[in-house]
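Reading through the structure tokens given below for one structure.
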Amino acid sequence: MKVLKFGGTSVGSAERIRNVAELISDEQPKIVVLSAMSGTTNTLVEISDCLYQNKKQEALNIIQDLEVNYYITVTELFRTEAYIHKGKEFIQTIFTYLRSFINKDFYPLQEKAVLAQGEIMSTTLMHYYLEECGIDNTLISALEYMRIDKDCEPDYFYIRQNLERELTKTGTSNLIITQGFICRNAYGEIDNLKRGGSDYSAALVGAAIHAEEIQIWTDIDGFHNNDPRFVENTKAIRHLSFEEAAELAYFGAKILHPSSIQPAKKENIPVRLKNTLCPQDEGTLITEDSPAKNIKAVAAKSGITAIKIKSSNMLLAYGFLRKVFEVFEAWKTPIDMIATSEVAVSLTIDNTDNLDNILRDLEKYGIIEVDRDMAIVCIVGDFAAGKAGLDAGHSLWSGYRLKTLFRCRKIRHIRCCRVRRLRHRRRPPYKVRG
Ligand code: ADP
Ligand code: ASP
Ligand code: MG
């Protein structure tokens, strides 16, 4: 069994939904994980922002516009009056539900329920469309099997058990449709796997059923050697290892959710990135090993905070780093990069929710310096000739400045690149020479 995930653009219009339906309706058994139609989750975030600020009329206007768009999609998607009616009736229940939040108090719990509606709509429309075409398929709700624990980590045991149970109910159906992104939390409330989380859903589903392959279908012909939104003339990489892909995804390559490689690697399931707009393209294959090549790809992530702890207590001391790490552990904040000398330790984080608490706790260990608004540039490849594996070079940039923190061994040759300020995502593309 394969798991195929289609992103927002892949199901972004009636025509695209029809294209995906064609792609998935061969006889091969598969689970199809869908994102919300492109733009929907952003619009649901806007609605939630209005509701938090009690801007009721503004929220109602946005809900109204989104609803009209969905009615248009329904009219364009279905051929028969019966299914147009069925589709519109379903859309109406969703929008009645969204309007029901207008006169209620609005908290993160309600926001999660609002955000879940995008995937619920896309999967139901796909399910109805396949049904209208006479293609046997079953819709299963991710809310019945996808769950995160108290630390917002996937509950692997629960997912496997409950997904298995849901699948036994699907009878002879070879084509299973389900939602990406949405899940329940440890308290049974509606939650999600964070923005872009449908990739992660697909990987978790794939790992739970020991899928033969996990395919991520998107709007580009695979994993490129740099971010095509910022860099000209990027090229698709045909083969990456799990580590390389995970590293690039974690450090900014938007094509994959940062955590999505982890479940696939755990179960050693190949991940294939494919282009919905051009299905015959080879795409990118991600497996345990990949052919050695110098520099394969570069990714960048902004919004990074660097923390330096200077302390003479570090000299010849043991246990110092453990104490520093315990502070981050206590505040549930992952460290991305670290460099140490005899008298200082520098590290970076991207989650600053508990930064004040962390800094307060670190002060007892030395003098603290904080650099905000930094970016990490991540260079991935195999730089040791004849040696399998991964070497990743990370360097911290602030605008044009190359900072000293550098986790990069055995890099023999980095070609020159001219980089514009990385923190401005909407700037025109910068050029990489060579
Ligand atoms: P989906 O909606 O299918 O999940 P995303 O927008 O999340 O799609 O991811 C695909 C986009 O990721 C591409 O259109 C591209 O602009 C962007 N992207 C960023 N970095 C890379 C990269 N290294 N390779 C390919 N695409 C990338
Ligand atoms: N719809 C969600 C989002 O836009 C999840 C996803 O597309 O992967 O973030
Ligand atoms: Mg995505």
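FYI, it's all coordinate maths here, none of it is from the lab. Only a predicted model underlies this, so the values are computations on that prediction, with no experimental measurement involved. With ideal geometry, Cβ positions are generated from the backbone for all residues, glycine too; neighbour counts draw on all protein chains shown.
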_Extreme residue, positive dipole direction of the chain, given options 179, 168, 10 (C-beta unit charges)_ = 10
*Which whole-number value in Å³ per residue fits the convex hull of the alpha carbons of the chain?*
163
_Fewest-first sequence of 23, 130 by Cβ atoms within 10 Å of each Cβ_ = 23, 130
*Cα centroid separation - region 235-265 against region 145-175, whole Å*: 24
*If the chain between residue 338 and residue 219 were fully stretched, how many nm would it gain, using 0.36 nm times the residue separation less the Cα-Cα distance?*
39.4 nm
*For region 268-332 and region 48-99, what is the separation of their C-alpha centers, rounded to whole Å?*
40
*Which far-off residues, 5 or more places away or on another chain, put their amide H under 5 Å from the one on residue 297, with H placed in the peptide plane?*
380
*Just subtract the alpha-carbon distance of residue 360 and residue 169 from 0.36 nm times their residue separation and send over the number in nm, one decimal.*
63.5 nm
_Most mobile listed residue (183, 50, 378) in the chain, GNM with C-alpha springs under 10 Å_ = 50
_Percent RCO, i.e. relative contact order, over region 58-163, from Cα pairs under 8 Å lying at least 6 residues apart_ = 21
*What is the antiparallel percent of DSSP beta bridges lying wholly in the chain, to the nearest 5?*
60
*Using 13 Å as the cut-off for backbone N distance, which residues of region 207-232 belong to the label zone defined by a point 7 Å from the Cα of residue 282 along Cα→Cβ?*
222-223
*Full extension from residue 238 to residue 368: what is 0.36 nm times the residue separation minus their Cα-Cα distance, to one decimal in nm?*
42.4 nm
*Name the long-range amide H neighbours of residue 5: under 5 Å, sequence gap of 5 or more, or other chain; modelled H, no Pro or chain starts.*
33, 215, 216, 217
_Which one, 84, 351, 216, is farthest towards the positive end of the dipole of the chain when Lys and Arg carry +1 and Asp and Glu -1 on their Cβ?_
351
_FRET efficiency estimate (nearest 0.05) - Cβ-Cβ, residue 189 to residue 54, R0 25 angstrom_ = 0.65
*What percent does the relative contact order of the chain come to when contacts are Cα pairs within less than 8 Å and at least six residues apart?*
13
